[in-house]
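The structure appears below as C-alpha cells.
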Amino acid sequence: MDQNFKTNEGIRKMEIKYVPTICPYCGVGCGLNLVVKDEKVVGVEPWKRHPVNEGKLCPKGNFSYEFVHREDRLTTPLIKKNGEFKEATWDEALDLVVSKINEIKAVDPESLAFLSSARCTNEDNYLMQKFVRTIVGTNNIDHCARLCHGPTVAGLAQTFGSGAMTNHLKSIQFADVIFIIGSNTLEQHPLMWRRILQAKADGAKLIVADPRFTPSAKKADLYIPFKSGTDVALMNAMMNVIISEGLEDKEFIEKRTKNFEDLKEVVKNYPPEKVAGITEAPAELIKEAARMYANADNAGIIYSMGITQHHTGTDNVMSTANLAMITGNIGRLGTGVNPLRGQNNVQGACDMGALPVMYPGYQKVIAKEIAEKMSNSWGCGALNCKPGITVVEMMNAAAAGDIKGMYIMGENPMVSDPDLHHVQEGLENLDFLVVQDIFLTETAELADVVLPATSWAEKDGTFTSTERRVQYIRKAVDAPGEARADWAIICDIAQRMGSDLFNFSSPQEVFEEVRIVTPQYAGMNQERLEKPEALHWPCPDEEHPGTPILWGEQFATPDGLGVLMPIEFIPAAELPDEEYPFTLTTGRMLFHWHTGSMTRRSETLANEVPTGFVEINTEDADKLGIKNKEFVTVKTRRGEVEIPAKVTSDILKGVIFIPFHFVECAANTLTNGGALDPASKMPEFKVCAASVSKLDPSVEMVTPGKAYDLGK
C-alpha cells in the first residue's frame, strides 16, 4: 500500500508492502505478514485472520525477518580449491557437480547419498527425491525427520496405519485432560501452548511428565518427575491402573481395536509400585495420572522429541497410541495422539517422500506395483525397489568409505546429528560433498561445492504443518546476489544430466505434479491453499473439505482396526556408571531453534541467550563444588565440551540437560549415535552417560558466545 508522510522537505512517497506467509521455525505453522520497504524485509506484523495463531507470535516468529538480509548470506557459488573457497559462476559450479555425480554414479549409484530438508518447501523436497530416484537411481534420500519424528512415522503407522498427528491444533481446546510427555510445549511450540492455556481456562486439567521441572511442567495440575528413557514403563503402569480398575473403554476396544488381551497380559506386570523403582516417579502420582486421563470425557496426548529421540522411540510412540486406544480417546475433538513437529516443514518433507523407504504419500519403495505406478506417473524407466539408507547410516557408510559422494540441501548435520566427531570423520572422508544453503554453515565449510539458495522469504511454495495443514508461503523480496531457489537448482542439475522430467517453470507447476502422485494431496489446488484456512490432508478430491481429525470411524490399517501393541520396557542403551555417573539429555529452548544458523543470526534472539549451558541439580552441584555460571567440563564416551553451569532445582538429581543449538559447546559432540531404534533408525539423543567436573583453572576460556563468529 502507499502511505504519504509530511516532512520538513515536503511530501515524500514511501511504499510499504505486507506479504502474508508462514513462519519458518517450528511445525505449528503460524501465519505472519512480512513488512517490505525499499525491497527489504524490515519487520513482521500480525496476520490476525490466520486460524492457527490469530495474530499472536512467539519471539522466534516476531523476529524471523532479522536473518534474511544478513551480510553473511551466500550470494554466489563457491568451489573449494587447495583448501580454500573461491567464487565461481553457476555454470562452473553445476558442471562440476554434474561431472562428479556422473563419475560416482557410473561406478555405483548406491555410493551416493542425499539429504533433503524440513526447512525447504514441499516443492523443493519433492523434486529432490524425484531427482535421486529417477536420475541417480538410488533411494538413499533422507532428512532430519529421521532425527526428530522418524519413530512417529514408524510407530503410528503400525498402530493407526498412518504416521501423522491425529487432530488439528484447535482440537486441544476441547480436552478435559491434556497429557504432555516428552515436550516442553511452552518453549518449543508456544502457540500450541496458547491453545493449552485456553483449554485450562475452560477447566481442563494438565498432566506433564518430564525429567525437568520445565516452564510447561510448572503450569501442570499434576507433574510427574521421571527418569529419561523410562517412558514405556511409565505408560505401561498407567495402563495397568486403567485396566485393573476397569476404567478402559470396553466398547471402543471391542469394536475398533485388536490385540487387547496380549496388551493386558504385558501391562499386568507393570504395577505402579514396581515401576516407581524403574522411573523414579512416585507410584501415587502414576495412579493419579492414570485415573485423571481415563476418567476424562475427552483426553488428548501431546508429545515431541522427548518421546521419539530414543533407541526405543518407536516403542514409546506406540505406547502413546495404546494409552489413547484403550480409553477410546481417538477420532474426536479434544482427544488423539498429537506429535508436535519441531521444524516448519518436517511433516511435508515426509509427505513428499524424502525418506529412504517411502515415495510421496508414504507409498513403499519395496512394493513393485508402487514402483511401476510411480514409473508410469513420472514417465521414467524402472525404479529401484531397494530401500535406501538413513542419515545416520549415511554417516557411518561415509566414514567406512562406502558412500563416496553426498549432496546436502538445507541441513546442518555438523550441529544437528549425534556424535559430531564421527559425523565430521564421515564428511571429510567423502570424495565429493555438495552443500546447498543460505549461509556457510558448519557443514558447508566442509564442502567441495557450496550452492547459494534462497530463504523462505524469497520464494513461493507450500509448507505442511504438524497438524497436516498445507499452507502457502509467498515471495516477499528478491534473493541476494546470484542465490537461486532450491527447486530451480535441482531442475538445472537434472536438465544438465540429460533429463526431460524436470522442465518446471514455477513451484505451482511442481505442486500440480505433487497432486498427481500423492493421494493425500490430490484435492488441493492453488486457489484452495491460498485461503488462510488452507487444507488438512487427506484431501482426496477438489470437493473434499480436508480432514482436521483422523480416525473418527476407522483406522488406516488393512482391516480398519487399531493395533494395540504389547511392549516390554527396554532400558536406555547407555546407563550411568562410576566413570560417567550422570544421565545427559538434550533439547530446545524458547529463543533458539535447531542448529542456530538462523536464530543466532537474529540479533534480538541472540542477545536473549548468547551461548549454551548445562543444567545441573543444586545438590549435585554442591557435591562437586560447582557454582552457577561457572565453566565446567561435560564428558561422555564420545567427546567433551566446556560449558557454563546453570545450577537449578528444576532438574532431577543425577540428570543434566544441554540445549543443542550452540556449536561452541555442542551437545551433539556428546550424544550417542551408535544406539539406533531398530524400526526407525533413530539414534539415542535423549539418554547417555556423562560426567561433570570443574574446569581446570589453567585452561584459557573463550568468552561465551564469541566462539561462534556470525559477523554482522
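Of note:
- Among residues of the stretch 444-464 that are more than 27 Å from V663 (Cα to Cα), none has a Cβ under 6 angstrom from a residue that is in a strand (DSSP E or B) and modelled with pLDDT under 95 at a sequence gap of 6+ or on a separate chain.
- The one condition in (1) closer than 18 Å to I178 by Cβ; (2) touching a strand residue (DSSP E or B) at 6+ places or on another chain (Cβ under 7 Å) that S319 fails to fulfil: (2)
- Residue within the stretch 298-321 that is part of a loop (DSSP other than H, G, I, E, B) and either surrounded by fewer than 24 Cβ atoms within 10 Å (Cβ to Cβ) or among the charged types (D, E, K, R) (or both) present: yes
- Test: residue in the stretch 266-279 that is over 30 Å from K653 (Cβ atoms) and among the hydrophobic types (A, V, I, L, M, F, W, C): yes
- Identity of the residue in the stretch 441-458, crowded, with 24+ Cβ neighbours inside 10 Å and either assigned to a strand (DSSP E or B) or basic (K, R) (or both), that ends up nearest to the chain's Cα centre (by Cα): A453
- Subset tally (residues that are crowded, with 24+ Cβ neighbours inside 10 Å and in contact with a Gly (Cβ under 8 Å, 6 or more places away or on another chain)) for the stretch 322-336: 6
- When the criteria are applied in full, E533 fails the requirement of being surrounded by fewer than 20 Cβ atoms within 10 Å (Cβ to Cβ) and more than 30 Å from G300 (Cα to Cα).
- In the stretch 358-388, residue farthest from G155 (Cα to Cα) [restricted to those that are crowded, with 17+ Cβ neighbours inside 10 Å and β-branched (V, I, T)]: I370
- Taking the criterion of being farther than 26 Å from P418 by Cβ and hydroxyl-bearing (S, T, Y), the residues of the stretch 361-399 that qualify are S375, S377.
- Subset of the stretch 273-286 [surrounded by 19 or more Cβ atoms within 10 Å (Cβ to Cβ) and without any contact (Cβ under 8 Å) to a residue 60 or more places away in the chain]: V275, A276, T279
- The one condition in (1) of a type in the set (D, E, K, R); (2) surrounded by fewer than 20 Cβ atoms within 10 Å (Cβ to Cβ); (3) touching a residue at least 40 places away in the same chain (Cβ under 8 Å) that E684 fails to fulfil: (2)
- Yes/no for K100 being charged (D, E, K, R) and in a loop (DSSP other than H, G, I, E, B): no
- Hey, T595 in contact (Cβ under 8 Å) with a residue 40 or more places away in the chain, in a loop (DSSP other than H, G, I, E, B), among the hydroxyl-bearing types (S, T, Y) and under 26 Å from M325 (Cα atoms) or not: no
- The stretch 497-524, residues that are free of Cβ contacts under 8 Å to residues at least 40 places away in the same chain and either in a loop (DSSP other than H, G, I, E, B) or in contact with a Phe, Trp or Tyr (Cβ under 7 Å, 6 or more places away or on another chain) (or both): G498, D500, N503, S505, R515, A522, G523
- Test: residue in the stretch 60-72 that is over 29 Å from the mean Cα position of the chain (by Cα) and either at pLDDT below 95 or more than 27 Å from H536 (Cα to Cα) (or both): no
- For the stretch 525-568, filtering for residues that are part of a loop (DSSP other than H, G, I, E, B) and farther than 30 Å from H311 by Cβ leaves 24.
- For the stretch 146-196, filtering for residues that are more than 15 Å from G313 (Cα to Cα), within 18 Å of the chain's Cα centre (by Cα) and part of a helix (DSSP H, G or I) leaves 9.
- Residues satisfying the stated conditions in the stretch 243-272, i.e. in contact (Cβ under 8 Å) with a residue 40 or more places away in the chain, assigned to a helix (DSSP H, G or I) and over 17 Å from G331 (Cβ atoms): I243, F260, D262, L263, E265, V266, V267
- Evaluated against (1) surrounded by fewer than 23 Cβ atoms within 10 Å (Cβ to Cβ); (2) not in a loop (DSSP other than H, G, I, E, B), P215 falls short on exactly one condition, (2).
- One residue alone among Y293, Y270 is at pLDDT 95 or above, crowded, with 19+ Cβ neighbours inside 10 Å and within 30 Å of N672 (Cβ to Cβ), and that residue is Y270.
- Near pairs, Cβ below 8 angstrom, 6+ apart or cross-chain, from the stretch 172-184 (within 27 Å of H592 (Cβ to Cβ)) to any residue that is among the β-branched types (V, I, T) and in a loop (DSSP other than H, G, I, E, B): N184/T214
- Residue check for R195: more than 30 Å from T557 (Cα to Cα) and either of a type in the set (D, E, K, R) or surrounded by fewer than 24 Cβ atoms within 10 Å (Cβ to Cβ) (or both): yes
- Residue ID - farthest from the chain's Cα centre (by Cα), chosen from residues in the stretch 353-371 that are assigned to a loop (DSSP other than H, G, I, E, B) and farther than 16 Å from N140 by Cβ: A367
The values are calculated or read from the model by the stated rules, or taken from the named source; none is laboratory data. Predicted model, so just to flag it, every value in this text is computed and none were measured. So basically every Cβ, Gly included, is an ideal-geometry build from the backbone, and we count neighbours across all protein chains shown.
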